[in-house]
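The values are calculated or read from the model by the stated rules, or taken from the named source; none is laboratory data. In this text the structure is predicted, and so the values were computed from the model without any measurement. Cβ: placed from backbone, ideal geometry, glycine included. Neighbour counts: every protein chain shown. Please note that ligands, DNA and RNA were not included when accessible areas were found on the heavy atoms of the full protein model with its side chains. Shrake-Rupley method; radii C 1.70, N 1.55, O 1.52, S 1.80 Å.
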Amino acid sequence: MNPQTIKVACSNCNLRELCMPVGLSEQQLQRIDEVVAVRRKVKRGGTLFRNGESFTSLYAIRTGFFKTCVATEDGRDQVTGFQMAGEIIGLDGIVNDHHTCDAVALEDAEVCVMPFDRIEELSREVNALQHHVHKIMSREIVREHGVMLLLGSMRAEERLAAFLLNLVQRLHARGFSQSELVLRMTREEIGSYLGLKLETVSRTFSKFVEDGIVEVKQRHVRILDTEALRRIVNNQQACH
């Protein structure tokens with residue numbers, strides 16, 4: 001395969017605003033184009049990296065949807081996050097030079113491979129890139145903190161409401177509808193992520209439907225009342 005055919009330039013990628021620093025000069029952009037080595041396709045159900053694998057690159061998701069998960073002592077998969085197009089995945093490997101979770105594609109996906117040593121090297125020249133990498137890491141820490149709060153104190157309804165609001169908000173940043181989404185993950189995976197049993201997830205979805213907050217057709221979810229979801233989450237926060 002001719003490397004040119006799979007070489008992608010960040011400068012003409014429509015997701016650039018989401019995963020690269022904004023406001024760069026032409027010259028800096030050309031340098032940043034050197035960050036991406038190749039693009040890699042991952043089939044649905046395929047693994048981008050596994051727990052314990054040595055860490056070499058960060059990945060910018062170009063198309064598709066991933067989940068990150070770790071195997072628990074009793075052999076179950078604990079979902080630790082969901083990542084979508086325009087988001088960076090693989091940050092877990094920076095600390096100890098190896099990955100601490102599996103990244104599995106929930107649909108056919110394509111990622112841009114960004115060797116970390118190259119990012120570090122370029123960061124020294126392009127301060128905006130270094131700042132951006134720090135921002136992405138910071139966002140990840142904030143997200144983890146949010147999940148801990150979610151699992152630590154919220155009831156099932158609050159967890160699911162916060163989850164749906166977060167997903168819609170991230171999709172909206174990518175130009176998708178603010179009220180309609182297709183869930184790429186199963187109810188079971190949502191439960192694993194939110195620390196809820198499968199039946200609880202299904203029951204909570206049904207309650208939202210009964211209350212006229214959402215419409216659900218298999219994996220298609222339409223949010224009819226965003227404010228109601230916000231109230232569910234904010235009431236909880238007001239109580240603490």
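Brief remarks follow.
- Subtracting the Cα-Cα distance of Gln78 and Ser179 from their residue separation scaled by 0.36 nm leaves 33.6 nm.
- Answer label for Rg and Dmax of the Cα atoms in Å (calculated), chosen among (1) 17.6, 55; (2) 18.9, 59; (3) 20.2, 63: (2)
- The residues of the stretch 10-97 expose, per residue, 52 Å² of accessible area to a 1.4 Å probe.
- Under 5 Å from the amide H of Phe49 lie the amide H atoms of Ala103, each residue being 5 or more positions distant or on a separate chain, with H modelled from the backbone and absent for Pro and chain starts.
- Judged by the gyration tensor of its Cα atoms, with axes a ≥ b ≥ c, the stretch 154-234 is rounded; a/c sits under the 1.5 cut.
- Averaging the Cα positions of each part gives two centres, and for the stretch 36-75 and the stretch 181-218 these lie 25 Å apart.
- Cα-projected label distance for His145 with Val95, points at 7 Å along beta-carbon direction, nm: 1.6
- When each of Lys43/Lys135; Lys67/Lys217; Lys135/Lys217; Lys135/Lys197 is checked by Cα-Cα distance, pairs over 27 Å: Lys43/Lys135; Lys135/Lys217; Lys135/Lys197
- Within the chain, helix-based [θ] at 222 nm, where runs of 4 or more DSSP H residues each add -39,500 (n - 2.57), nearest 500: -13500 deg cm²/dmol
- With K and R counted +1 and D and E -1, the other residues having a Cβ less than 12 Å from that of Leu149 yield a net charge of 0.
- Near the amide H of Phe55, within less than 5 Å, lie the amide hydrogens of His98, His99, all on another chain or at least 5 residues away, with H placed in the peptide plane.
- Global geometry of the stretch 10-150, whether rounded, prolate or oblate, following the gyration tensor of its Cα atoms and the 1.5 cut on a/c: prolate
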